[in-house]
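Before any comments, here is the structure.
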Amino acid sequence: MAQMYINGRWADAQSSRTYEIKNPATGAAIDTVPFGEAADARTAVEAAVAAFPAWADTSPDDRASLLRKGIALVEKHARDIIDLLTAEQGKPLFEAQGEFHHFLHGMEFYAGLASKIRGSQVPVPPAMGKHNYGLIFKRPVGVAVGIVPWNFPLTLMGTKIGPALIAGCPLIIKPSETTPLATLKVIGLLNEAGLPAGVLQCVTGFGPEIGEPLVTHPAVRRVALTGSSQTGRRVMVLAAPEFKRVTLELGGSDPMIVCPDADIRKAINGAMIGRFWNAGQACLAVKRLYVFDAIYDEFVSGLVKKVAN
């Protein structure tokens with residue numbers, strides 16, 4: 001049975017309740033994970049609060065070095081992680097492999113941003129004195145929470161782990177209740193590479209029981225969600241009383257426009273990838289097509305033929 005990752009170690013939930021993770025292709029149970037509750041959220045936040053001062057004082061270069069060690073360790077376990085991702089999420093191994101490498105690439109990018117964390121000097125009005133100037137210092141905001149969806153569990157986790165850790169903010173990941181296994185594996189390996197206890201944690205469970213206590217905890221100052229518009233509205237409501245910083249990446253309904261001078265073959269291939277990649281389960285997937293009259297018949301007949309294959 002998998003466990004949650006809290007305060008630098010594998011941990012059981014406060015409750016003895018668990019739930020099954022099922023393979024969406026077969027319906028077979030793969031594993032069970034803890035059914036996290038509010039007490040688990042509090043434990044994770046308390047560990048992050050304790051870790052914050054030392055992590056904030058760690059130089060950005062040292063944070064990047066630890067992150068790169070973690071990336072290298074994760075890469076060594078590529079096959080296990082890819083297999084887990086396919087088993088719990090349902091995407092073919094080829095697509096899982098692509099997501100895994102996209103995750104690594106993104107994490108390397110964020111590690112590289114460590115050297116770009118700089119303040120600035122700003123001019124002040126002349127009335128304040130000829131030799132006076134203002135300084136802007138960039139400081140970590142505090143404990144952060146990342147809520148990750150099921151369609152790209154690793155990629156969309158990486159877009160939260162990388163920025164938070166490089167900025168000096170401890171982070172608690174709440175994965176989708178249906179796809180926590182590859183996430184837990186990756187977070188365990190990143191910690192194994194040397195992250196201080198409490199800097200990166202993962203709690204499993206459902207929104208009302210574990211997600212909402214994380215968002216509303218007064219020590220959490222930053223929340224990043226990728227998910228549905230409905231969940232985004234709920235997070236905004238929960239975060240509003242304490243003016244928490246919130247980033248919401250929600251569902252989209254993106255059009256593809258095919259102009260008369262387009263390469264029709266490439267446009268058809270683009271529509272296929274844009275609509276059917278990851279079974280169309282992407283917030284930026286092509287939801288509708290606008291095609292100019294001059295090429296409409298050629299485009300539609302080609303697209304129908306390709307879809308039929």
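The values are calculated or read from the model by the stated rules, or taken from the named source; none is laboratory data. Owing to the predicted nature of the structure, the values given are computational and were not obtained by experimental measurement. In this analysis, Cβ positions are derived from the backbone assuming ideal geometry, glycine residues included, and neighbour counts consider all displayed protein chains. Note: areas computed on protein heavy atoms with side chains; ligands, DNA, RNA excluded. Shrake-Rupley method; radii C 1.70, N 1.55, O 1.52, S 1.80 Å.
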(message) If I ignore ligands, DNA and RNA and count only protein heavy atoms, how much of Asp254 is accessible to a 1.4 Å probe, in Å² to the nearest 10?
(response) 50 Å²
(request) Just order 89-102, 186-199 by mean Cβ neighbour count inside 10 Å, highest at the front, would you? (result) 186-199, 89-102
(request) List, in order, the whole-Hz ³J(HN,Hα) value for each residue of segment 170-180 obtained from phi through the Karplus relation with A = 6.51, B = -1.76, C = 1.60 and θ = phi - 60°; use x for Gly and Pro. (result) x, 10, 10, 9, 10, x, 4, 5, 8, 9, x
(request) Beta carbons within 10 angstrom, averaged per residue: use that to sort the peptides 162-171, 126-135, highest first. (result) 162-171, 126-135
(request) With a probe of 1.4 Å, find how much accessible area the chain has per residue, and write the answer as a whole number in Å². (result) 51 Å²
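Is segment 1-134 best put as rounded, prolate or oblate by its Cα gyration tensor, with a ≥ b ≥ c the root eigenvalues, rounded for a/c under 1.5, and otherwise prolate when a/b is larger than b/c, oblate when not? All intermediate terms of the calculation are to be shown ahead of the outcome.
Working: a/c = 2.98, a/b = 1.81, b/c = 1.65.
Cα axes put segment 1-134 in the prolate bin.
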(request) Give a residue-ordered list of calculated ³J(HN,Hα) values for segment 232-244 (Karplus: 6.51 cos²θ - 1.76 cosθ + 1.60, θ = phi - 60°; whole Hz; x for Gly, Pro). (result) x, 4, 5, 5, 4, 4, 5, 7, 4, x, 10, 6, 5
(message) Report the gain in length on full extension from Met272 to Val49: 0.36 nm times residue separation, minus Cα-Cα distance, nm rounded to one decimal.
(response) 75.7 nm
(message) If I ignore ligands, DNA and RNA and count only protein heavy atoms, how much of Met272 is accessible to a 1.4 Å probe, in Å² to the nearest 10?
(response) 40 Å²
(request) Would you mind computing, in nm to one decimal, how far apart the modelled labels at Val237 and Val307 are, each placed 7 Å from Cα along Cα→Cβ? (result) 3.7 nm
(request) Go ahead and estimate [θ] at 222 nm for the chain from helices alone: -39,500 (n - 2.57) per DSSP H run with n ≥ 4, summed, over the residue count, rounded to 500. (result) -14500 deg cm²/dmol
(request) Any chance you could give the angle, 0 to 90 degrees and rounded to 10, that helix 78-89 forms with the longest Cα principal axis of the chain? (result) 70 degrees
(request) Give the long-range amide H neighbours of Tyr19: residues separated by 5 or more places, or on another chain, with amide H under 5 Å away, using H modelled in the peptide plane at 1.01 Å from N. (result) Val33, Phe35
(request) Whenever you get a sec, compute what percent of the accessible area on segment 208-309 sits on carbon and sulfur atoms (1.4 Å probe). (result) 59 percent
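In whole percent, and with a 1.4 Å probe on the protein chains, what portion of the accessible area of segment 1-143 is carbon and sulfur? Spell out each step's value before the answer.
Details: 4460 of 8190 Å².
With neighbouring chains kept in place, the figure for segment 1-143 is 54 percent.
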(request) Could you work out the per residue convex hull volume over the alpha carbons of segment 192-235, in cubic angstrom? (result) 106 Å³
(message) Counting pairwise Cα distances across segment 239-309, what percent come out greater than 20 angstrom?
(response) 41 percent
(message) Projecting each Cα onto the charge dipole of the chain (Lys/Arg +1, Asp/Glu -1 at the beta carbon, about the Cα centre), which of Pro53, Ser176, Val258 comes out farthest on the positive side?
(response) Pro53
(request) Could you size up the charge dipole of the chain around its Cα centre, putting +1 on the beta carbon of Lys and Arg and -1 on that of Asp and Glu, and report it in debye to the nearest 20? (result) 780 debye
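Taking 0.36 nm per intervening residue step and subtracting the Cα-Cα distance, what contour gain separates Asp254 from Leu93 on full extension? Please list the in-between numbers first.
Details: separation 161, 0.36 × 161 = 57.96 nm, distance 2.64 nm.
Full extension of this stretch gives 55.3 nm more.
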(request) Can you grab the distance from the C-alpha centre of segment 46-113 to the C-alpha centre of segment 232-246, Å, no decimals? (result) 27 Å
